[in-house]
Amino acid sequence: MTISLQLRQATSADVAACIAIERAVFLPSEAATPEQIVTRVTQFPQGIIIAETSDKVVGFINIGKSISTHGGFDWHQMRISLTKIPS
């Protein structure tokens, strides 16, 4: 089976889908809150790449710089969240 995914920058219309996907793929203790997702999409939309197929959002890539340091260095984080793609 071949699946065609389209990738694009997030818009505010994608927030609800991103929240649902985040809740589906991460433990509650690790998932971003709805407020965090809204902030990410509104303040740095180019850091959220939406994956969609058949006009349905099926996942997203969240890229950002963490304000934390590890070993004295700032680090960058990429999270990929992908739901089960409908057949």
- Message: I need the full set of residues from segment 1-24 which are assigned to a helix (DSSP H, G or I) and exposed (fewer than 10 other Cβ atoms within 10 Å of the Cβ), in order please.
- Response: none
- Task: Just give me the residues in segment 25-39 being in a helix (DSSP H, G or I) and surrounded by fewer than 13 Cβ atoms within 10 Å (Cβ to Cβ), in sequence order.
- Result: Glu35, Thr39
- Message: Can you pull out every residue in segment 1-40 that is of a type in the set (Val, Ile, Thr) and in contact with a Ser or Thr (Cβ under 7 Å, 6 or more places away or on another chain)?
- Response: Ile3, Ile21, Val25
- Return yes or no: is Glu52 assigned to a strand (DSSP E or B), modelled with pLDDT of 90 or more, on the phi < 0 side of the Ramachandran plot and of a type outside the set (Lys, Arg)? yes
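The values are calculated or read from the model by the stated rules, or taken from the named source; none is laboratory data. The structure presented is a predicted model; accordingly, all values stated were derived computationally and were not measured. Don't worry about glycine lacking a Cβ; one is built from the backbone with ideal geometry, like all the others, and counts go over all protein chains shown.
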